[in-house]
1. When only C-alpha pairs under 8 Å and at least 6 residues apart count, what is the relative contact order of the chain, in percent?
2. Once you charge only the Cβ atoms, +1 for Lys and Arg and -1 for Asp and Glu, what is the size of the charge dipole of the stretch 1-119 about its Cα centre, to the nearest 20 debye?
3. Per DSSP H run of n ≥ 4, the term is -39500 (n - 2.57); total these for the chain, divide by its residue number, and report the mean residue ellipticity at 222 nm rounded to 500 deg cm²/dmol.
4. Between the DSSP loop rule and a limit of at most 16 other Cβ atoms within 10 Å, which GluC sites (Glu not before Pro) in the stretch 1-78 are left?
5. Can you give me the C-alpha center-to-center distance between the stretch 39-86 and the stretch 108-124, rounded to a whole angstrom?
6. Could you compute how fast the stretch 9-129 diffuses translationally, taking Rh as the Kirkwood radius over C-alpha pairs and applying Stokes-Einstein at 10 °C with viscosity 1.306 mPa s? Give it in µm² per second.
7. Please build a GNM for the chain, connecting alpha carbons under 10 Å apart, and tell me which residue among LEU29, LEU16, LEU64 fluctuates the most.
8. What do you get for trypsin sites (Lys or Arg not before Pro) in the stretch 64-129 restricted to DSSP loop and a cutoff of at most 11 other Cβ within 10 Å of the site's Cβ?
Amino acid sequence: MANILIVEDDEKGLELSKIIIESLGYETLLARHGEEGVRMAKEQLPDLILMDIQMPVMDGISALKALRSDERTKEIPIIAVTSYAMKGDKEHLFEVGFIDYISKPISKDSFIKVVEKALRRQHERDKKA
Ligand code: MN
């Protein structure tokens, strides 16, 4: 059973993401800002992380960098969730190390596609390892 950490400061966005992911049969862990997300990721080692970009305390890009610099968490795939996905922004997200992104406002179908694709890819990698 996959465990997915959702890091999101907007309470409605957090709840919506949680409902969609749990409807797929996965477990969720919830964090309200980047610093809490980093701490939970290190403690729980989730299979996948959905990371909002604009958050108080620590933004999503800083949180990704913190996770990438730690041996225990550097391989966990992280998907950006962002409302300012202009073309240049998307390229920047891939450059810094996000494996994919979800645009806000969230569309349920594309949200599910991105999550399932990431989990499949992770599963394939685990089989090879
Ligand atoms: Mn936000």
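What follows draws every value from the coordinates through simple rules; no lab data is involved. Remember, predicted model here, so these are calculated numbers, not experimental data. So basically every Cβ, Gly included, is an ideal-geometry build from the backbone, and we count neighbours across all protein chains shown.
1. That works out to 21 percent.
2. 200 debye
3. Mean residue ellipticity at 222 nm (helix-derived): -15500 deg cm²/dmol.
4. GLU71, GLU75
5. 17 Å
6. Working: Rh = 14.5 Å.
The estimated diffusion coefficient comes to 109 µm²/s.
7. Among LEU29, LEU16, LEU64, the largest GNM mean-square fluctuation belongs to LEU16.
8. Taking the stretch 64-129 and a limit of 11 other Cβ atoms within 10 Å, the loop trypsin sites (Lys or Arg not before Pro) found are ARG72, LYS74.
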